[in-house]
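*Asks:* Structure in structure tokens, see below.
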Amino acid sequence: MSPFEKLLLGFFSPFHGLRLIFGSKKKLVLSLIPFVLGLLFIFAGFGWAYAYLGGVVQGWLSQYEAALGFLFALISGIAMVFTWLAAFTLFFLAAYAVVSLVGGPFYSLLAEDTFRTESDQKKRGSSVRLMMTMFLLSLVKISIFLVVGILFFIMSFIPVLNLVSSYFVLMVVAFDCSDYAFEVDFLTLRQRFGFFFKHFWEYSGFAGAILMTTLLPGSFFVLLPAFICGASQLYLRMRDQKLVDRA
């Protein structure tokens, strides 16, 4: 399979996940609470950003109007673009961390049910244990995402580096969406990273699908259950090709 075909495989996997959800009553029920949670973040989070963030940025920039003179109009426009990009990156990671914390138990059950319906693998552990494990991991990941978010927030003000930081944010989220499937299959941390980087092109395509949904603000959080199901199905497909290292 060529790199381009692998990119397409990863890119379309969330759409396959959406098909799985609407094709299963159980998956659809498990997706309802995360779906409602995603809607709340659209109205509350982005409503706040629209109402207050622009004013904060403009107020900060106006301090330099006298010093910059006629250059202020040009520089403030450029600075506004970079500041919005940086703020969006930080807000996206923070919102994703909170949504993952609250919706984590449902996402873990979605991944588990995808394993049940898309493979011959028998259940290997307790659903309650899986839910608790993913909830605790979500607590840890909130701290990690906030640190990463601050780092990428700073990088977003630097040309070229802002593109690199945006790509890394997408790949971090792609890994986390897949981590539910990794946990269901009891992969160690080394195996998880090894599998992820071995299938770099597929997960880059998956990150591209995340990017496409962020173009419509908030839609990613609404469609997150489909991304979890899609990532689980993608993992199973690649794992069944005997490419996962379990040494």
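*Asks:* Under 16 Å Cα to Cα from K26, which aspartates and glutamates show up? Leave out anything in the same chain fewer than 8 places away.
*Replies:* E112, D113, E118
*Asks:* Name the aspartates and glutamates eligible as straight-distance cross-link partners of K198: C-alpha to C-alpha under 12 Å, and not fewer than 8 places from it in the same chain.
*Replies:* D245
*Asks:* Set the Förster radius R0 to 22 Å, insert the Cβ-Cβ distance between I150 and F200 as r into 1/(1 + (r/R0)^6), and round the FRET efficiency to 0.05.
*Replies:* Efficiency computed from Cβ-Cβ geometry: 0.25.
*Asks:* Provide S165, S100, S219 in ascending order of the number of other Cβ atoms located within 10 Å of each residue's Cβ, fewest first.
*Replies:* Arranged by neighbour count, lowest to highest, S165, S100, S219 become S219, S165, S100.
*Asks:* How many percent of Cα pairs in region 183-241 exceed 14 Å?
*Replies:* For region 183-241, the share of Cα pairs beyond 14 Å comes to 62 percent.
Where a number appears in this text, it was derived from the coordinates with a stated rule and is not lab data. It should be emphasised that the depicted structure is a prediction, and the values quoted were computed from it without experimental measurement. Positions of Cβ are generated from backbone atoms using ideal geometry, with glycine treated the same way; all protein chains shown enter the neighbour counts.
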